[in-house]
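The values are calculated or read from the model by the stated rules, or taken from the named source; none is laboratory data. No experiment lies behind these values; they were computed from the predicted model shown. Cβ placement follows ideal geometry from the backbone for every residue including glycine, while neighbour counts extend to all protein chains displayed. Heads up: the accessible areas ignore ligands, DNA and RNA and are worked out on the full protein's heavy atoms, side chains in. Shrake-Rupley method; radii C 1.70, N 1.55, O 1.52, S 1.80 Å.
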Amino acid sequence: IQFLNERGVKFCIPSKANRVSERKINKAHYKKRHHIENAFQRLKEFRVIATRYEKHRENFLGFVTLGAILAWI
(Lines give C-alpha, C1' and ligand atoms only; values in the text may rest on other atoms or scores of the structure.)
Protein backbone atom coordinates (compact mmCIF):
# COMPACT_ATOMS: atom_id res chain seq x y z
CA ILE A 1 0.00 0.00 0.00
CA GLN A 2 2.87 2.34 0.75
CA PHE A 3 4.29 1.56 -2.72
CA LEU A 4 0.97 2.58 -4.32
CA ASN A 5 0.65 5.72 -2.18
CA GLU A 6 4.13 6.90 -3.15
CA ARG A 7 3.20 6.69 -6.82
CA GLY A 8 -0.18 8.38 -6.41
CA VAL A 9 -2.11 5.28 -7.44
CA LYS A 10 -5.74 5.12 -6.34
CA PHE A 11 -6.20 1.68 -4.79
CA CYS A 12 -9.06 -0.31 -3.38
CA ILE A 13 -7.74 -3.10 -1.20
CA PRO A 14 -10.10 -4.06 1.64
CA SER A 15 -8.82 -4.98 5.07
CA LYS A 16 -8.62 -8.55 6.29
CA ALA A 17 -11.29 -9.56 8.79
CA ASN A 18 -8.75 -9.92 11.62
CA ARG A 19 -7.04 -6.53 11.10
CA VAL A 20 -6.99 -4.36 14.24
CA SER A 21 -7.45 -1.00 12.50
CA GLU A 22 -9.77 -1.27 9.54
CA ARG A 23 -8.77 0.47 6.32
CA LYS A 24 -11.41 2.71 4.74
CA ILE A 25 -12.40 1.91 1.17
CA ASN A 26 -14.71 3.51 -1.34
CA LYS A 27 -17.63 1.06 -1.77
CA ALA A 28 -18.48 2.25 -5.30
CA HIS A 29 -14.84 1.90 -6.39
CA TYR A 30 -14.64 -1.56 -4.84
CA LYS A 31 -17.83 -2.63 -6.65
CA LYS A 32 -16.30 -1.64 -10.01
CA ARG A 33 -13.11 -3.54 -9.13
CA HIS A 34 -15.18 -6.59 -8.27
CA HIS A 35 -16.92 -6.50 -11.67
CA ILE A 36 -13.56 -6.37 -13.46
CA GLU A 37 -12.21 -9.29 -11.40
CA ASN A 38 -15.31 -11.30 -12.29
CA ALA A 39 -14.81 -10.55 -15.99
CA PHE A 40 -11.23 -11.85 -15.83
CA GLN A 41 -12.42 -14.94 -14.00
CA ARG A 42 -14.98 -15.66 -16.72
CA LEU A 43 -12.26 -15.30 -19.37
CA LYS A 44 -9.99 -17.70 -17.50
CA GLU A 45 -12.64 -20.41 -17.77
CA PHE A 46 -11.48 -20.81 -21.37
CA ARG A 47 -8.47 -23.09 -21.26
CA VAL A 48 -6.77 -21.57 -24.29
CA ILE A 49 -6.76 -18.17 -22.55
CA ALA A 50 -5.84 -19.35 -19.05
CA THR A 51 -2.85 -21.40 -20.22
CA ARG A 52 -1.95 -19.04 -23.09
CA TYR A 53 -1.33 -21.78 -25.64
CA GLU A 54 -1.20 -19.22 -28.43
CA LYS A 55 2.07 -17.29 -28.21
CA HIS A 56 1.47 -14.77 -30.99
CA ARG A 57 -0.01 -11.51 -29.74
CA GLU A 58 -2.58 -11.11 -32.52
CA ASN A 59 -3.89 -14.66 -32.24
CA PHE A 60 -4.07 -14.48 -28.44
CA LEU A 61 -6.02 -11.20 -28.67
CA GLY A 62 -8.41 -12.94 -31.04
CA PHE A 63 -9.00 -15.72 -28.52
CA VAL A 64 -9.53 -13.19 -25.73
CA THR A 65 -12.04 -11.32 -27.91
CA LEU A 66 -13.84 -14.53 -28.76
CA GLY A 67 -13.88 -15.55 -25.09
CA ALA A 68 -15.29 -12.16 -24.09
CA ILE A 69 -18.04 -12.49 -26.67
CA LEU A 70 -18.92 -15.99 -25.51
CA ALA A 71 -18.82 -14.97 -21.83
CA TRP A 72 -21.05 -11.97 -22.55
CA ILE A 73 -23.77 -14.07 -24.21
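For Phe40, what charge total do you get from the other residues with a beta carbon under 14 Å from its beta carbon, if Lys and Arg give +1 and Asp and Glu give -1?
Charge balance in the 14 Å sphere: +3.
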Check your understanding: When Lys and Arg each count +1 and Asp and Glu each count -1, what net charge do the other residues less than 14 Å away from Val64, Cβ to Cβ, add up to?
Key -> +3
Review point. Which net charge results when you count Lys and Arg as +1 and Asp and Glu as -1 among the other residues whose beta-carbon is under 14 Å from that of Ile49?
Key: +4
Review point. Counting pairs on different chains as well as pairs 8 or more places apart, how many Lys pairs in the chain have Cα atoms under 28 Å apart?
Key: 15
Review point. Leaving out ligands, DNA and RNA, what percent of the accessible area of the chain is carbon and sulfur, probe 1.4 Å?
Key: 58 percent
Revision key, fill the gap. If one builds a Gaussian network model of the chain from Cα atoms under 10 Å apart, the most fluctuating residue listed among Glu22, Glu45, Glu54 is Glu22
Exercise for review: Over the chain, give the accessible area per residue in Å² for a 1.4 Å probe, as an integer.
Suggested key: 92 Å²
